[in-house]
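Visitor: Dropping a structure here in structure tokens format, bear with me for questions.
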Amino acid sequence: RGLALGLGEEPKYRKVDLFRQIQQAIERLYHERRITPVFILDEMHLAKDAFLQDIAILFNFEMDSTNPFVLILAGLPHLQGKLRLNQHRPLDQRIIMRYRMGPLEKEEVAGYIEHRMKQAGAKHPIFTPSALEAIALQSRGWPRVINTLATTCLLYGYQLKKDAIDEEMVRMAAEEMGY
């Protein structure tokens, strides 16, 4: 229903009608307006089997060479195993590209944080080199942990009225988060 609303449609009541309505809206975007919609479904490792089966049906367009959409399924690594089950084989076989993101290297963590800070509008470095190194060590390079740890550090820095985030604030944040 949310997908239909997002496509500007008033959702139909019956599932079969709703699915057809969504498919037609996607086809209209693609063929009439020359727009390729991108659907990003996160946390798919938590998706129930019935939902994965619905996705396979919903995004089953009768086209041989092109798809009128891009579907990105994001989730933890065990999503791949889930998709390889027989009941999800139709969906798994439609996946064109797979990407597994591993942890960042220590040098990449610093660049990642600095980039995100610039995107947020920071005019000068906020994390000291030792803080960046501590975040890399505590997070083991996992982006989600890096984000949470860096955000917690920024909150500490704000509360303590600090101009820079140092290694001690990273230690406090990591301790609070149980790392």
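Visitor: Based on the Cα atoms of the chain, what semi-axes does the equivalent ellipsoid have, where each is the square root of 5 times one gyration tensor eigenvalue, given in whole Å with the largest first?
Guide: Output for the chain: semi-axes of 42, 19, 15 Å.
Visitor: In addition: From the alpha carbon gyration tensor of segment 2-93, can you work out the equivalent ellipsoid semi-axes (sqrt of 5 times each eigenvalue) and give them in Å, largest to smallest?
Guide: With the √(5λ) rule applied to segment 2-93, the semi-axes are 23, 15, 13 Å.
Visitor: In nm², what is the average projected area of the convex hull enclosing the Cα atoms of segment 85-162?
Guide: Taking a quarter of the hull surface, the average projection is 7.6 nm².
No lab work stands behind these numbers, since they all come straight from the coordinates. Just so we're clear, the structure is a prediction, and the values are computed from it rather than from any experiment.
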